[in-house]
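Bear in mind that the values in this text are calculations on the coordinates, not laboratory data. Keep in mind the model is a prediction, meaning the values are calculated, not measured. Cβ atoms come from the backbone with ideal geometry, glycine included; neighbour counts cover every protein chain shown.
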Amino acid sequence: MIRVELPAHLRTLAGVGREVALDLPADGCACVTLGDALDALEALYPVLRGTMRDYGTGRRRAYVRFFACMQDLSHERPDFPLPEPVLRGSEPLLVVGAIAGG
Amino acid sequence: MTGVRVLVGTRKGAFVLTSDGKREKWDIAGPHFAGWEIYHLKGSPADPNRLYASQSTSWFGQQIQRSDDGGQTWQSVGNEFSYDGTPGTHQWYDGTPHPWEFARVWHLEPSLRDPDTVYAGVEDAALFRSTDGGQSWQELSGLRNHDTGSSWQPGAGGMCLHTILLDPVNEGRMFAAISAAGAFRSEDAGETWRPVTKGLRSEFMPDPEAEVGHCVHRIAMHPSRPDVLFMQKHWDVMRSDNGGESWHEISGDLPTDFGFPISVHAHEPETVYVVPITSDEQHFPPDGRLRVYRSRTGGNEWEPLTEGLPQQNCYVNVLRDAMDVDSIDECGIYVGTTGGQVYVSADAGDSWSAAVRDLPSVLSVEVQTLP
């Protein structure tokens with residue numbers, strides 16, 4: 001099980017609490033990529049499509065960040081493997097709204 | 001008539017104001033979608049309980065919300081706005097080609113007859129249509145692919161398609177306006193378009209009378225007389241008596257002809273309202289006095305409406321989608337400000353009071369007259 005922590009606006013949109021659980025990694029698979037996790041998150045909560053990554057290009061939206069295990073994964077490619085503690089469920093994958101005001 | 005429902009979009013959420021036909025006491029519901037920018041909400045003329053809302057933030061992009069119970073509950077519907085084909089480029093501020101990029105939905109215009117059909121005007125300027133209640137969106141790319149499209153440039157607020165008018169008499173005719181490309185007309189329900197800008201003059205352009213490049217802020221139409229159009233341009237208040245074929249200026253004795261919204265009285269097609277703003281460099285009312293101006297002669301002769309509106313130290317703006325009218329026998333006028341006030345006149349503008357004073361900055365006001 002992979003735990004994903006969402007920012008407040010996305011929790012409201014998806015109608016969930018702070019954390020959601022993804023049924024990953026699939027049986028017999030030892031690796032889960034950042035892209036796999038985001039795909040699974042969007043499949044579970046379709047309302048989140050387009051909120052973290054652009055439709056079409058799949059690029060991360062400018063004011064969204066992905067953190068895990070005190071690392072910034074925001075600039076990693078979609079095939080970047082998530083850290084082992086995230087796969088074990090002992091650490092969450094964090095989806096973060098950048099600090100920007102107004 | 002039993003009452004009115006006022007749909008208010010703000011920088012930090014949507015609010016629904018309701019009142020009876022007297023329009024004196026107001027119930028304020030909201031914020032819906034708290035913390036999100038709500039550029040526009042609008043109800044279906046065919047089913048007043050069907051509402052659409054444009055919800056966005058720079059962080060998480062665009063959502064479209066739909067209500068089937070007059071705004072009590074909402075559901076997210078489709079939010080994929082993909083340009084048709086390879087979108088190409090338009091001009092950027094520095095004159096270089098810039099790829100068309102979707103930013104947000106500025107305006108939602110439900111069909112006059114079908115609650116499931118709704119048009120969306122977006123930034124970067126394009127027109128989309130949904131025929132399934134907002135679940136999916138298809139671009140009507142004949143507008144963006146007009147021969148002049150690659151030369152369009154954004155105004156300071158972005159290159160937005162902000163006005164969509166559906167002609168209730170001439171089947172298939174519709175109008176769209178874009179800052180800063182101009183005004184366009186379609187005769188085939190949005191498939192093909194041509195500029196309708198003859199008579200417009202914009203001094204900020206190298207050729208002030210060019211076919212495209214005008215910063216049209218808003219166009220209004222009375223449904224009983226769809227060939228007559230009123231336009232608030234960046235500067236100049238304009239009128240067309242032939243469906244946009246040609247325009248003439250009706251600024252007349254206004255203190256300034258800069259402004260954003262323009263509206264027509266529900267029962268008097270020659271009575272028009274504007275909110276003069278000092279200038280493009282000073283987006284607040286002249287002399288710190290908020291005055292709505294009314295013409296009962298279709299333009300040129302204007303009277304200031306001040307009773308109940310702040311007449312000192314007032315430096316708010318009224319944005320292009322933030323004025324509307326109801327259709328109660330004594331027509332009501334509604335104005336939302338960037339200071340968070342929604343002012344209401346239940347007597348066609350003669351006197352005003354605030355329905356609410358301290359909302360977030362108001363982006364849009366749409367009024368539904370309820371049976």
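Between A:Val64 and residues 5 or more places away or on another chain, which pairs have amide H atoms under 5 Å apart, with H built 1.01 Å from N, and which residues are they?
For A:Val64, whose amide H was placed from the backbone, the distant partners under 5 Å are A:Ala98.
Would you mind calculating the gained length between B:Asp329 and B:Asp358 on full extension (0.36 nm times residue separation, minus the Cα-Cα distance), in nm to one decimal?
Details: separation 29, 0.36 × 29 = 10.44 nm, distance 2.90 nm.
Taking 0.36 nm per residue and subtracting the Cα distance, the gain is 7.5 nm.
Using 0.36 nm per residue of separation minus the Cα-Cα distance, give me the extension gain between B:Glu270 and B:Thr192 in nm, one decimal. Mind dumping the intermediate values first?
On the way: separation 78, 0.36 × 78 = 28.08 nm, distance 3.03 nm.
Result: 25.0 nm gained on full extension.
If each of A:Ala21 and B:Asp132 carries a label point 7 Å out from its Cα toward its Cβ, how far apart are those two points in nm?
3.3
Pop the C-beta distance of B:Ala46 and B:Lys25 into the FRET formula with R0 = 30 Å and round what comes out to the nearest 0.05.
On the way: r = 29 Å, r/R0 = 0.97.
That pair, B:Ala46 with B:Lys25, gives E of 0.55.
Which ³J(HN,Hα) values, rounded to whole Hz and listed in residue order, are derived for the range B:273-286 from phi using the Karplus coefficients 6.51, -1.76 and 1.60 in 6.51 cos²θ - 1.76 cosθ + 1.60 with θ = phi - 60°, glycine and proline given as x?
10, 9, 10, x, 10, 3, 6, 5, 8, 10, 7, 8, x, x
Say a paramagnetic label sat at a point 7 Å from the Cα of B:Asn170, along Cα to Cβ; which residues of the range B:240-265 have their backbone N under 17 Å from it?
Correct set: B:240-248.
From other protein chains only, count the Cβ atoms within 10 Å of every residue's Cβ in A:5-11, then give the mean.
Values: counts 0, 0, 2, 2, 9, 2, 0.
Whole-number average of other-chain Cβ neighbours for A:5-11 is 2.
Towards the positive end of the charge dipole of the protein assembly as shown, with charges on Cβ (+1 Lys, Arg; -1 Asp, Glu), say which of B:Pro31, B:Pro223, B:Met205 has the farthest Cα.
Highest projection toward the positive end goes to B:Pro31.
Karplus couplings for the range B:119-126 from phi (6.51 cos²θ - 1.76 cosθ + 1.60, θ = phi - 60°), rounded to Hz, Gly and Pro as x?
Taking θ as phi minus 60°, the curve returns 9, 10, x, 10, 10, 5, 3, 6 Hz for the range B:119-126.
Check B:Arg104: other-chain or 5+ apart residues with amide H under 5 Å from its amide H, H built from backbone geometry?
Those lying under 5 Å, H to H, from B:Arg104 are B:Glu123, B:Asp124.
Taking the mean number of other Cβ atoms within 10 Å as a proxy for protection, how do you rank A:81-91, B:180-190, B:195-205 from highest to lowest?
On the way: A:81-91: 15.7, B:180-190: 21.2, B:195-205: 18.4.
Result, highest mean Cβ count within 10 Å first: B:180-190, B:195-205, A:81-91.
Near B:Lys198, which lysines are there with a Cα under 27 Å away, not counting those fewer than 8 places off in the same chain?
Once the sequence-local lysines are set aside, what remains near B:Lys198 is B:Lys233.
So what is the relative contact order of the range B:1-147, in percent, for Cα pairs below 8 Å that sit 6 or more residues apart?
Values: 348 pairs, mean separation 23.9, N = 147.
Worked out over the range B:1-147, it gives 16 percent.
Along the range B:89-100, what does the Karplus equation 6.51 cos²θ - 1.76 cosθ + 1.60 (θ = phi - 60°) give for ³J(HN,Hα), rounded to whole Hz, x for Gly and Pro?
Running phi through 6.51 cos²θ - 1.76 cosθ + 1.60 with θ = phi - 60° gives 9, 10, 7, 8, 4, 8, x, 7, x, 9, x, 5 Hz.
Restrict the search to the range B:75-119; then list the chymotrypsin sites (Phe, Trp or Tyr not before Pro) that DSSP places in a loop and that have at most 11 other Cβ atoms within 10 Å of their Cβ.
In loop regions of the range B:75-119 (DSSP not H, G, I, E or B), the sparsely surrounded chymotrypsin sites (Phe, Trp or Tyr not before Pro) are B:Tyr93.
Quick one: which residues, 5+ away or cross-chain, put their amide H under 5 Å from the amide H of B:Gly182? H built at 1.01 Å from N.
Long-range HN contacts for B:Gly182: B:Gly213, B:His214, B:Val216.
Does anything in the range A:47-89 have its amide N under 12 Å from the 7 Å Cα→Cβ label point of A:Asp39, and if so which residues?
Of the residues in the range A:47-89, A:78-80 have backbone N under 12 Å from the label point off A:Asp39.
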